[in-house]
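Reviewing the structure listed below.
Computed from the coordinates by the stated procedures, all read-outs in this text should not be read as laboratory data. Here the structure is a predicted model, which is why all the values come from computation and not from measurement. Cβ sites come from the backbone with ideal geometry, for glycine too, and all protein chains shown count toward neighbours.
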Amino acid sequence: MKTRVIAGLCMLPLLLILYFGGKTLAIACAVISFIGVTEFYNGWEAIDVKPSRKTAYFLITVLYIMHYSVFYLDKWKGFNRAEEMLPWLLMFWIVLSIVASFVYGWRITERGAYDAMATVLGLIYVVFFSYHLVLLDNTPKGYLFTWIVIIAAFGSDIFAYFSGYLIGKHKLAPNLSPKKTIEGAIGGIAGAGLLCGLYGYFVMPSALWQTVLIGIIGGAVSQAGDLSASAFKRKMGIKDYGHLIPGHGGIMDRFDSVIFTAPFVYYFVLFLDI
C-alpha cells in the first residue's frame, strides 16, 4: 500500500497537463495511446494472439495529425469548419481502423481472426476512448470538464478502496477482482458524486446538479472500466498490463477507468449543451 501511495503522489504533477490543456493534453493522450495499446497488445500476445502494432501506431498518428490539422487550422488560419468536419473525419478514422485491422487478418496461414479483432479492439478501446479527453477539451467549457473525468474516475477508485477496506463484506465480482465489494462500489460512486459536486460548487456553480450527476454516473462507469480491464487480464493470464508505474502496473492499469469515463462525460456535456 505504501508503494501505491508514493507512486500516486508522484503522479500528481501530471495534473499540470489538465491545467495547460490544448496541445499539451493532446500530446499526453497520444503518448497514453501509444503506450496503452502496446500494453494491451502485449497481454493478447501472452495467449498467442498477435495484433498488429504497426497498424495501431500508424492509425494513432493519423488520428492526432487529423486532430491537429482540423483544430489548429481552425484557430490559426480562420478555417472555421472544425465542428462541421470532425464527425465525418472521426467516422472515416473508425472505418479505416476496422478495414486496416481486417486486411491485416487476410494472411490466414500466419494469422487468425482473433489477431484482426484484437487489433481493432485496441484501437477503439484504448485509442478512440482516450481521445475523448481531447474532444472534451475542445468544447466551449471542456477544459473545466476534463478535470471532472479525473475526479470521477480516481475519486471512485479511492473511495471504493477505503469503503471496501472498512466495511466491505459482499463480493462484487469475485471472478474478476476478488477484493472488490458491493459496499466498496457504492462508497466509490457516492464519493465520486461528492467530489464532483464540490468541484461544481466551487468552480462551476451554474452546473452544480450536472456535476453531481456526472460524478455519480461517472463513478459507476469508471468501475465498469476497471472491471472490464480486469476481465481482459484474467483471460490473458496476467496480473498487470505493465510495470511503468511502481505499485500501479502500467498505463492501462492506472487509466482503465479514465478511458471509460471520458466518452461518457464528453457525450453528457455535448447532448446537454452545458
- prompt: How much mean residue ellipticity at 222 nm does the chain get from its helices, if each DSSP H run of length 4 or more adds -39500 (n - 2.57) and you divide by all residues, to the nearest 500 deg cm²/dmol?
  reply: -25500 deg cm²/dmol
field: Paramagnetic label zone (point 7 Å from Cα along Cα-to-C-beta, Y114; backbone N under 20 Å) in region 216-247
entry: 228-242
query: Using every alpha carbon pair in the chain, what percent of pairs falls into each 5 Å bin from 0 up to the bin containing the largest distance?
result: 1, 6, 12, 16, 18, 16, 14, 10, 5, 2, 1, 0
field: Extension gain from Y57 to D273, taking 0.36 nm per residue of separation minus the Cα-Cα distance
entry: 74.4 nm
task: Name the aspartates and glutamates eligible as straight-distance cross-link partners of K169: C-alpha to C-alpha under 18 Å, and not fewer than 8 places from it in the same chain.
output: D157, E183
query: Hey, quick one: spin label on S206, modelled 7 Å out along Cα-Cβ, who in region 251-272 has an amide N within reach, i.e. under 20 Å?
result: 266-272
message: Run the numbers for R234 and R107: contour at 0.36 nm per residue of separation, minus the present Cα-Cα distance, in nm.
response: 42.9 nm
